[in-house]
Amino acid sequence: MNFNKCNRCGCFFMTDANVCPNCQPKDQYEMGQLKNFLEENTNQINLDSLSASTGITVKNLNRFLAQEQFADFSNQIQGNSENIGIQL
């Protein structure tokens, strides 16, 4: 186990995850929302619109979209790959 700083809230915790145990359910919920939104909306969308539509912060969208499970949806996201953390 490592002493880590939560990517979501900034608190320190002991585990191998990138978010603390308190934030883990929030992350899972938001990732589910994002996946559902992207599956239902096949139109291209920019990061700000995606944030407004889902209620997920741009910071968290960057973290989620960088994960492999969202790689299939990268063609739906318009924008600079430096800004959103994924390659387009």
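The values are calculated or read from the model by the stated rules, or taken from the named source; none is laboratory data. Since this is a predicted model, take the numbers as computed values, not measurements. All Cβ positions, glycine included, derive from the backbone under ideal geometry; neighbour counts span all protein chains shown. Areas reflect the complete protein model, heavy atoms only, side chains present, ligands, DNA and RNA absent. Shrake-Rupley method; radii C 1.70, N 1.55, O 1.52, S 1.80 Å.
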Problem - C9 paired with Q33, simple spin-label distance in nm, labels 7 Å along Cα-to-beta-carbon - result: 1.7
Problem - Evaluated over the stretch 1-68, the Cα radius of gyration and Dmax, each in Å - result: 13.3, 41
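Give me the Kirkwood hydrodynamic radius of the stretch 35-76 in Å, from all C-alpha pairs, to one decimal place? Show your work: numbers first, answer last.
On the way: mean 1/r = 0.0963 Å⁻¹.
When all Cα pairs of the stretch 35-76 are included, the Kirkwood radius is 10.4 Å.
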Practice task
Quickly estimate the mean residue ellipticity at 222 nm for the chain, helices only: each DSSP H run with n ≥ 4 gives -39500 (n - 2.57), and the total goes over all residues, rounded to 500.
Solution key: -12000 deg cm²/dmol
Completion exercise
Residues whose modelled amide H sits under 5 Å from the amide H of I45, counting only those 5 or more places away in sequence or on another chain, are I77, Q78
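Mind checking the per residue accessible area of the chain for me, 1.4 Å probe, whole number of Å²?
Values: 5580 Å² over 88 residues.
With the other protein chains kept in place, the chain gives 63 Å² per residue.
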Fill in the blank from the handout: Here, N41 and M1, labelled 7 Å along Cα→Cβ, have an inter-label distance in nm of 3.9
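Return the carbon/sulfur percentage of the accessible area of the chain, one whole number, probe 1.4 Å, all protein chains in place. Mind showing how you got there, number by number?
Numbers: 2450 of 5580 Å².
Ligands and nucleic acids excluded, carbon and sulfur give 44 percent.
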